[in-house]
Every structure is written in C-alpha cells, then in structure tokens.
Amino acid sequence: MRAFITVFLISCISFGATAQYNKSWKGYFSYNQINDLSQSSNKLIVASENAILIQDVLSGNIKTLNTIDGLSGLTITAVYYSSSLKKILIGYENGLMIVYNELDGSILNVVDILNKSIPQNVKRINHFMDVDGIIYVSCDFGVVQYNLNALQFGDTYFIGPGGSQINVAQTAVFNGRIYAASKTNGIYSADLTNPNLNDYNQWLNVGGSGYMAVEKTGNNLVAVTNSGNLQRWQGSSFGLVTQLPESAVDVRGNDQHLLISTPNHVLVYNASLALESDVLSSQVTTEASTFTCAGLVDNNLFVGTQQNGIFSKTISETDFNSITPDGPLRNNVFAITATNNHLWAVFGGYDIDYNPYNFFGVGLPKYGISKLTKSGWLNISAQDVLNARSLCRIAVNPNNEKQVFVSSHYSGLLKIENDIPNFLYNVTNTAPNGLQTVPGQVPDDIRVNGSVFDAEGNLWMTNSMIAKGVKVLKSNGQWQSFDMQDVVTTSTQFKSGRMIIDKNGTKWMTSWRNGIIGFNERYNNLFKAISNSPDGGNLPSFDARAVAVDNRNQLWIGTLNGLRVLPSVDSFLSNDVLQTNPIIIIEDGLAQELLYEQSISDIFVDGANNKWIATVDSGVFYVSSDGQKTIYHFTTANSPLPSNNINDVEANPVTGEVFFATAKGMVSFKGTATEASNNLSNVYVYPNPVRPEYSGTVKVSGLTDKAHVKITDIEGNLVSEFITEGGTIEWDTTAFGKYRVASGVYMIFVSSEDGTDTTVKKVMIVR
C-alpha cells in the first residue's frame, strides 16, 4: 500500500553503532513476559518480550533497555552477557541480533542471519554459547559462529542429514567436542577443533530422539528430551538420570549447579546431579504463574515467568521478591484513554472481524486493566475484573474521574470505582431495556463496544449483532435501547467499534460492514448511514475503523482502505445523503489522495486541530488541520515505535504527550499541541532556565487559542512572535529563525485574541 505524502521525519536515526532517540520519546513497556536471562558473578540480564532489564545484584540497581534506546520491537528469544567484554548479545525471532556495549551505551544491529537466503520462518535465534569469545548461535536452521570481540560472523553449520537445515535449540562443549541439541533430529556432535565443521559429515548423531537442551554442569554433560527425560552422557550414548515432573522449557548449568525450568517447577541439581531444591510456581506468586527460565548468581536464585515478571530470593530464604520494572500488564495494548491526570489501558479484544473467540489464537482473552498515574502503574489483575473477558474500550466519567466504565466484547460493561471493579452490567441486571446477548450464543456473549459519555453524563455504547444495537446508561441509572432496523437490515451483521459524539449530540459509530452510522435520539431517533457506494457516502470501504470530529466540526473517517472527510457534522440534520470527500494533495506535481488505500485504525484530533492518524501496518502519520501537510510519519524504521501496527492513539490534553498503543508495546512522543486554556492564569515556561547542554526548544504552555505571544530580550528588542493554535507554542531560541540568541533573560508577553487577558513570563537562557 502507498501513501502519497511528503514525509517530514522528526530526525534521521542511524541504526549503526549507536541508535538512541532524543528525549521527546518515552517508553511504557511491560516486563511481565520473561523469555530468557543471562548472568555473571554480579550481574543479571533479563530479556522480556522485547526489552531488557539489567540488575547489579550487589546494589540492586536496575537499568532497562527498549526501543527508546534503539532495540527492536520484535520478540526477543535469547540473550547472553559477556562479563569480560561488557557486551550484551540479544537474539530475535526473525534472526536479528543486537550487540549492546555497556561501556559506551552503543547498539549494533547485526543483520547477517536476518538477510540469509533461507526461509524466513527458520531464522529464529534460540541460544548463545560462548567459547573464548566465539559465540555459537543456535538457530532454527543450524549453528552460526560469531566473534563477539571482532563483531564478525564466521562459519555456518548445516548439520542435518545430507547437510540439511535442522532446528538447533542449544549447544554445549564437553571434553573438546561440541554438542548440538535438535528438537526434531536428536543430538549431533563434532570435534570442536576440526577446521571443517561446515562439512555436515563431521557431525555425528549421538542421540536419536528429539532434545530441547544439552548442557555441561560440573564434570557431566546432560541432555533433556522433548518429553522431559533428564539424561547424562555415558561416553558413547546418553543414559536416563530421571524423569522430570513436566517437559522442560529451559536448561542451564555451571560448574556447581544445573537448573531445569518446567512450567511449574524450578529444579536445582548439584554438579553430581543430586536434586537440591524443587521450587513450585505456587511458592513464587499467589497468582497463576508459568515458569520460563531460572538462573543463579552467587547465592541468589532468579526465576522468570510468562505472566508476572522476574522474581528473586537467596537460597536460604523462603519468600520471593519481585524485581520486575514498573509497567503495564501486557505489551499488546488494545485501547487507551487519557485524561488530564491518568492513562487507562486494556488489552483486548477481538480480531479484525470483531470475533472475541479468536483473539490472537488464545480464545476468549481474559486480561486485567492498567492505569498510569504520576507515581507509576496501577495494575488490576485478570482475577479482579469480575470474570469480564475481551475488554476493549474505556470511558472515564468526565464529571467523576474516579468512575470508569470498560466495554467488554463478551461480558457486557464493567464498572470501576476508586480503582476497584465493583459491578458488571449484563442481561440479568439491565433488563428489560438494557444489554442483550447475541442470538444463538451462550448467555454470556454480550458484545459491548465504543462506550462514550455525552454532555449530560449519559453513557452511550453499541451492543453488536442484535436489532437494538445502540444502548444508553443514563445518568439516573436507567437503560434505554434503540432499534437500528432503518439502517441495518441484518442485525447479525452489525458489528461496531468506536463511537464519538459531536456538538449536536449525534453519535457516530464505526461498523464492520455498514460504514459509518449516525444516530440522534433528539430527532425522532434518526439514523443515517455513510456507505461505500458512490452516491451513498463515497467511503473507500464499507469497513470503517476510525472516526473523529475536529475543531471545525468536520468528521474524519478512517477505513481499512483509506481516508474520507465529511465537510460538516451539521449535514446529518439537513442532508438526506451524507457525502464524504477524499483529501487531495499535490505530490511531485501530481494530485494524489492522502493515505490512499491505507488501513487506518484510529484518528486523534489534538489541541491544534492537527490529526494523528494510526495505521494497521504503516505506523502513524501526523498531518496538519486540513491534511495538506504531513508533519511527521513515524515508523519502526525512524522512531522508537515497537510496531507499525498501531492500535490506538491518545494525548494528554494538558501536557501534549501523545501515546501510541501498539501490538508490541506503548511509547509516547512529547508533542506540543495541548488543549487551549480558558484564560492565561496558568501560563508556564519550560525548561527554565535553559542550560548549555540542552538542545531542545522552549515551550510556553497554558495558553488560550489564538493568543498573541511576543518574545523580547531584556532591552525590549523583539526576537520572536507567535499566534497560538491550541495551548502550547515552541520557541527554538533563535531570533526569527536566523541565529541563536545570546545568554540572558528574555521576556514573554502574552495576550488573548481580544486583548482583554494578558500575562508576562521570563525565561533565562545560559549558553
């Protein structure tokens, strides 16, 4: 798909030796899904889904690395720490390797495996083994050598029958020989000093069944089969030591211990393979946890989990402590809602066809809710949401921020008060005019979406796949339903997503097969549809996913096949046919359609009336109020976005911080388009003072719309002038863009559009 637009990048970021982003970006990643860990005598390196945490075991200090620091947003599958070289090696599911240098903070992207001419689905990196600085990289196609000191690749070993590609889960060295464990082809072995290891004939199969790990511990070489048999090398073959309680997920050893992790056990053996400890998952957390890996640093045991992060304890202690960095519950953030003080996040959801039963292949999703506050993240667990599933949209009561409603695309409507879920609206407690079950489905299947408050404090929502698909929970607690048969002929085809309400009280709903549906109960329950037919709305697709009303009362509509704009929401009340138009821009001298054939997932209008337009596979676009100028186009290639699949965009109306919820984590960009204030009583300037090391802009916030801002030096000489759009302006500390101003105090004179409200601020600049 193409977008015929002029792209203005925020900066040109190199993915070479260094790849760190400026302070305009911030990451909000979850560290709950632990995929791997590595350790030295005093340091622990933990790989979560797509971020790294580094703990100094002695001090307890923790540092994190994520896409803000230059990491990829893809899934991490292996990690290794070289204490001698002070480097962290990170392996990804697609074959990408990243080398992080602790000494200077640089990041090197190594793309040799990624670019190999082999099938993409076998490039996954499974394990790193270090032999005197030479890293043996286990992949789904074989083994690759990498010199971590010289940062260069060596030979590639295809060790399967006839030199075929086979998956290698792990390697180990024992008595001068290298052993490679394959989940499908057993264990292969070769003389490590053999200069012809790239000849598959030099590799002998010494274990015929499937093995998930091979490891050296003390004077033993051990292997673990796919079915959970712990075996020991007996000179010519592997012999059974014991049957594990479950199939293993991680095996690692050193001179003193062997650690084997299963989903519910961490088994600690000594070097003689005597069991010293069996840690159960129930001992680590009160919530259900699935173990993924474990490691020992000195006398400290670290245990990684699939859902709840990383835990630690000393061998002598009984209680585990969480060392998981603060963050939301999950990285796949389905929807967010921002207020002046908080950000709420839910994790879904439904698939592209609004089916909650097939959300990312996990069946009915049951996830909790996360709330970002000034002090950090508050996480409401899945066990505390009153068994609500498929949570998909959040509405905060504008008259009472402590009251929040969460739409469930399976269970109804969840009410939260003072951060505690306390009521679940469903068919049993909203009858006879309230929520309804999808006909023919189980009684629990109540598909609520798009909840939003109107000016009177009534909560509107859609109830999909039924005739009375529009519902309202009135401020007095009463429910009312509205029949949609005038615009939806087959109610089971009505599947709705987002909803917004305009200045006239008209509700605009996106839908799966019916385009955009408008409704206003004040005009005899009037319904109108905007379809994809040329004479019935001119949408580029009948599948509308995003809808927003801007400050000029235009309706911006995003579909799975492009963008349209309804010139005025007032036409709902005056026109029989609601006709939309594309935005035509000039690109290379040719007229082109803005966001032509782009799959749009969300549209957010900021305080300056500019639009953030999120897409399914092309990142996010920031366009001017009329769409004629593309200010930014952020993707994974030029920004810290962890994924080009953007689920939701929201902005804090006070600070201008713009949040991007993606399938691989959430990041934010420090924008300047805040909502305009009603007066000039809260104007503030930051940073102040501007110190020599600061290279950004000076921001003046708390402004009224169309305010006049003049900046002068202390002698009254004018150096810059603005008329605001929204509540914030940026000054680049130059005199009308020509040269940087000198050190000194600068006066900022602000007056409202009509001149009746004024204020004066100062900013000190130190060069």
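Here are a few things to note about the model shown:
- Space enclosed by the convex hull of the alpha-carbon atoms of the stretch 336-446, per residue, Å³: 114
- Packing-based ranking, highest mean first, of 617-628, 103-114, 67-78 given that Cβ atoms within 10 Å are counted: 67-78, 617-628, 103-114
- More than 17 angstrom apart: percent of Cα pairs within the stretch 153-193: 29
- One chain, two ends: Lys63 and Val577. Fully extended at 0.36 nm per residue, the span grows by 179.3 nm beyond their Cα-Cα distance.
- Our Cα-only numbers for the stretch 473-597 put the radius of gyration and Dmax at 15.2, 57 Å.
- Apportionment of accessible area to carbon and sulfur, the chain, percent (1.4 Å): 46
- By the Cα gyration tensor, the stretch 533-574 has an equivalent ellipsoid whose semi-axes, rounded to whole angstrom, run 18, 13, 7 from largest to smallest.
- Within the same chain, aspartates and glutamates fewer than 8 places from Lys629 are excluded, and of the rest, those with a Cα less than 12 Å from its Cα are Glu587.
- Net +/- balance of residues flanking Val266 in space, Cβ distance below 12 Å, scoring K and R +1, D and E -1: -2
- For the stretch 543-694, size of Cβ-based charge dipole, Lys and Arg +1, Asp and Glu -1, in debye: 360
- Shown here is the pair-distance distribution of the stretch 50-144: with all Cα-Cα distances grouped in 10 Å bins from zero up to the longest one, the shares run 15, 48, 30, 6, 1 percent.
- Within-13-Å neighbourhood charge of Tyr354 [Cβ basis; K, R +1; D, E -1]: +2
- Its alpha carbons considered, the stretch 410-531 gives a radius of gyration followed by a Dmax of 13.8, 41 Å.
- Distance between the stretch 676-743 and the stretch 408-452 - C-alpha centres, whole angstrom: 48
- At q = 0.10, 0.11 Å⁻¹, base-10 log of I(q)/I(0) for the chain (Debye sum, equal scatterers on each alpha carbon): -1.10, -1.23
- The residues of the chain expose on average 40 square angstrom of accessible surface per residue, using a 1.4 Å probe on protein heavy atoms.
- Residue-count net charge about Val685 - beta-carbon cut-off 10 Å; Lys, Arg +1, Asp, Glu -1: +3
- Global form of the stretch 652-767, assessed from the alpha-carbon gyration tensor, a/c cut-off 1.5: oblate
- ³J(HN,Hα) computed for each position of the stretch 255-260 - Karplus, 6.51 cos²θ - 1.76 cosθ + 1.60, integer Hz, glycine/proline x: 5, 10, 9, 10, 10, 10
- With the charge dipole of the stretch 649-758 set up from +1 on Lys and Arg Cβ and -1 on Asp and Glu Cβ about the Cα centre, the Cα lying farthest toward the positive end among the listed residues Phe749, Ala735, Met666 is that of Met666.
- Restraint check, Lys371/Lys471; Lys468/Lys528; Lys23/Lys63; Lys611/Lys706; Lys43/Lys371; Lys23/Lys699, Cα-Cα greater than 20 Å: Lys371/Lys471; Lys43/Lys371
- Size of charge dipole - the chain - debye, nearest 20, with Cβ of Lys, Arg +1 and Asp, Glu -1, no other charges: 200
- In the chain, a dipole from Cβ-located charges (positive for Lys and Arg, negative for Asp and Glu) runs towards its positive end, and of Ser38, Ser599, Met484 it is Met484 whose Cα lies farthest in that direction.
- Spatial separation of Cα centroids for the stretch 42-78 and the stretch 500-571, in angstrom: 44
- Residue-span extension gain [Asn682 to Ile420] - 0.36 nm each, minus C-alpha spacing: 91.0 nm
- Selection from Ile52, Leu414, Pro119, by position along the positive dipole direction of the chain (Cβ): Leu414
- Taking 0.36 nm per residue of sequence separation and removing the Cα-Cα distance, the Tyr357/Tyr694 pair yields an extension gain of 116.3 nm.
- Candidate lysines - alpha carbon under 20 Å from Lys216, same-chain residues fewer than 8 apart omitted: Lys183
- Dipole magnitude of the stretch 700-763, debye to nearest 20 (Cβ charges: Lys/Arg +1, Asp/Glu -1, about Cα centre): 280
- Rounded, prolate or oblate (a/c below 1.5 giving rounded, otherwise prolate when a/b exceeds b/c) for the stretch 312-392 by Cα gyration tensor: oblate
- Put simply, when 489-502, 37-50 are sorted by average Cβ atoms within 10 angstrom per residue, most first, you get 37-50, 489-502.
- Our analysis of the stretch 370-422 gives Rg over Rh at 0.95, with the two radii drawn from alpha carbon positions and Rh computed by the Kirkwood formula.
- Based on the Stokes-Einstein relation at 20 °C and a viscosity of 1.002 mPa s, and on the Kirkwood radius from alpha carbon pairs, the stretch 601-654 is assigned a translational diffusion coefficient of 190 µm²/s.
- Calculated [222 nm] ellipticity per residue, helices only, for the chain: 0 deg cm²/dmol; basis is -39500 (n - 2.57) per DSSP H run with n ≥ 4, divided by all residues, nearest 500.
- Using alpha carbons only, the radius of gyration of the stretch 471-526 set against its Kirkwood radius gives Rg/Rh = 0.96.
- Rg over Rh for the stretch 142-231 works out to 0.97, both radii taken from alpha-carbon positions and Rh defined as the Kirkwood radius.
The values are calculated or read from the model by the stated rules, or taken from the named source; none is laboratory data. Because the structure is predicted, anything quoted here is derived from the model rather than measured. Using ideal geometry, Cβ is built from the backbone for each residue, glycine included, and neighbour counts are taken over all protein chains shown. When the accessible area is computed, the model is the full protein with side chains, heavy atoms only, and any ligands, DNA or RNA have been set aside. Shrake-Rupley method; radii C 1.70, N 1.55, O 1.52, S 1.80 Å.
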